[in-house]
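Novice: Below you will find the structure I want to go over with you.
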Amino acid sequence: MTFDQSVKIAPSILSADFADFGREIQAIEAQGADWVHVDVMDNHFVPNLTFGPPAVKAFRKHVKSVMDVHLMIAPVDPSIEAYADAGADILTAHFEAGPHIHRTLQAIRGAGMKAGVALNPGTPSEAVAHVLDLCDLVCVMTVNPGFGGQKFIDMTPKIRALRAMIGDRPIHIEVDGGVDPTTAPKVVAAGADVLVAGSAVFRGGSVENPAPYGENIRAIRAAAEDANP
Ligand code: DX5
Ligand code: ZN
């Protein structure tokens with residue numbers, strides 16, 4: 001399979017109706033989402049709590065594209081098998097979640113998933129320099145993790161540095177937090193190819209009225225593609 005470097009929009013279901021995840025996932029995919037981004041929070045690593053493996057396994061039945069699971073939990077390693085069993089395609093752990101990111105990335109791949117590493121805004125790009133060959137994705141957080149709807153923190157120098165460090169290796173750069181049609185072009189121009197967006201995709205729509213999801217996705221994609229990376 002060839003590596004897909006085109007811009008991919010990954011709506012975060014953190015901004016969906018929590019009582020209706022199945023239909024929300026179907027709606028965003030029907031409206032043009034490339035991946036489905038699933039934010040797992042533990043009320044320990046981050047000050048918010050979402051859902052765990054049984055819920056993610058239930059989401060899997062509705063995801064036809066790529067289920068991109070972002071773990072904001074610590075520790076990570078005891079839960080890796082459970083997320084493999086839940087059907088995650090990509091499992092991303094935070095660099096800051098523990099001292100053994102190398103072991104964690106090996107274990108994620110060992111469990112048959114693609115492995116991602118996420119970097120908080122305060123963590124430098126160099127943190128992943130020696131684990132890139134164990135990564136399929138690097139997620140650059142452009143907010144402090146825990147909540148949707150926060151203001152974008154400009155991390156374009158970090159994205160640029162990562163793109164240079166990655167070279168021609170088949171590793172995605174994902175940007176997560178505050179992505180909308182205004183911020184998307186900057187991060188794509190710097191080298192990102194996966195855009196996570198929660199509030200900017202779900203605003204104005206619902207499962208009963210999903211057309212705004214499509215308009216929002218197309219607006220982010222059009223702005224990003226104008227960036228001509
Ligand atoms: C934040 C999450 C994000 C969040 C993005 O901790 O990882 O995925 O849902 O939400 P927006 O796009 O609203 O900033
Ligand atoms: Zn996320």
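Read-outs throughout are calculated quantities, based only on the coordinates presented, and are distinct from any laboratory measurement. Please read these numbers as outputs of a predicted model, since none were measured by experiment. Using ideal geometry, Cβ is built from the backbone for each residue, glycine included, and neighbour counts are taken over all protein chains shown.
Novice: Rank by packing, highest mean first: peptides 70-76, 215-221, 130-136, with packing defined as the count of other Cβ atoms within 10 Å averaged across residues.
Specialist: 70-76, 215-221, 130-136
Novice: Mind checking which of THR123, THR104, THR92 has the largest fluctuation in a GNM of the chain, springs on alpha carbons under 10 Å?
Specialist: Largest GNM mean-square fluctuation: THR123.
Novice: Looking only at the range 3-73, where both bridge partners belong to it, what percent of the DSSP beta bridges are antiparallel (to the nearest 5)?
Specialist: The answer is about 10 percent antiparallel.
Novice: When a/c is below 1.5 the answer is rounded, else prolate if a/b is larger than b/c, else oblate, so apply that to the range 8-225 with a ≥ b ≥ c taken from the square roots of the Cα gyration tensor eigenvalues.
Specialist: In terms of gyration-tensor shape, oblate.
Novice: Hey, can you grab everything whose amide H is under 5 Å from the amide H of VAL66? Only 5+ residues off in sequence or another chain; H modelled, so Pro and N-termini drop out.
Specialist: It is VAL36, by chain and number.
Novice: Report for the range 22-153 the percent antiparallel among DSSP-assigned beta bridges with both residues inside it, nearest 5.
Specialist: Antiparallel bridges make up about 5 percent of those DSSP assigns within the range 22-153.
Novice: Looking at the chain, send over the antiparallel percent of its DSSP beta bridges, to the nearest 5.
Specialist: If I count the DSSP bridges inside the chain, around 5 percent turn out antiparallel.
Novice: Here's another thing I want to ask about it. Would you check the range 8-225 for Lys pairs whose C-alpha atoms are within less than 16 Å, ignoring same-chain pairs closer than 8 in sequence, and give me the count?
Specialist: Number of lysine pairs found: 4.
Novice: To the nearest 20 debye, what charge dipole does the range 30-105 have about its Cα centre, counting +1 at the Cβ of each Lys and Arg and -1 at the Cβ of each Asp and Glu? Could you put the intermediate results ahead of the total?
Specialist: Values: 5 positive and 9 negative charges, 48 e Å.
Using Cβ point charges on Lys, Arg, Asp and Glu, the range 30-105 gives about 240 debye.
Novice: Could you tell me whether the range 171-213 comes out rounded, prolate or oblate from its Cα gyration tensor? Rule is a ≥ b ≥ c as square roots of the eigenvalues, rounded for a/c under 1.5, then prolate if a/b exceeds b/c, otherwise oblate. Let's see the in-between values first.
Specialist: On the way: a/c = 3.21, a/b = 2.33, b/c = 1.37.
Prolate, because a/c is 1.5 or more and a/b exceeds b/c.
Novice: Note down the net charge around ARG109, summing +1 for each Lys or Arg and -1 for each Asp or Glu among other residues with Cβ under 14 Å from its Cβ.
Specialist: Details: positive: ARG103, LYS114; negative: ASP77, GLU81, ASP89, ASP133, ASP136.
With Lys, Arg at +1 and Asp, Glu at -1, the net is -3.
Novice: Moving to a separate point now. By the gyration tensor of its Cα atoms, with a ≥ b ≥ c the square roots of the eigenvalues, what is the shape of the range 70-113: rounded for a/c under 1.5, prolate for a/b over b/c, or oblate? Don't skip to the end; give the middle numbers.
Specialist: On the way: a/c = 1.86, a/b = 1.46, b/c = 1.27.
Because a/c hits 1.5 or more and a/b exceeds b/c, the range 70-113 counts as prolate.
Novice: Could you tell me which residue out of ASN48, LEU91, VAL188 lies farthest along the dipole of the range 8-225 toward its positive end? Charges go on the beta carbon: Lys and Arg +1, Asp and Glu -1, centred on the Cα centre.
Specialist: VAL188
Novice: A further question follows. How much length is gained if the chain between LYS151 and PHE51 is pulled fully straight, taking 0.36 nm per residue apart and subtracting their Cα-Cα distance, in nm to one decimal?
Specialist: That works out to 33.6 nm of additional length.
Novice: Using 7 Å Cα-to-Cβ label points, what is the ALA82/ASP168 separation (nm, one decimal)?
Specialist: Roughly 4.2 nm, to one decimal.
Novice: How much length is gained on full extension from ASN209 to GLU126, taking 0.36 nm per residue of separation minus their Cα-Cα distance?
Specialist: Answer, rounded to one decimal: 25.5 nm.
Novice: Say the dipole of the chain comes from +1 at the beta carbon of Lys and Arg and -1 at that of Asp and Glu; which of LEU137, ILE166, PRO78 then lies farthest toward its positive end?
Specialist: Highest projection toward the positive end goes to ILE166.
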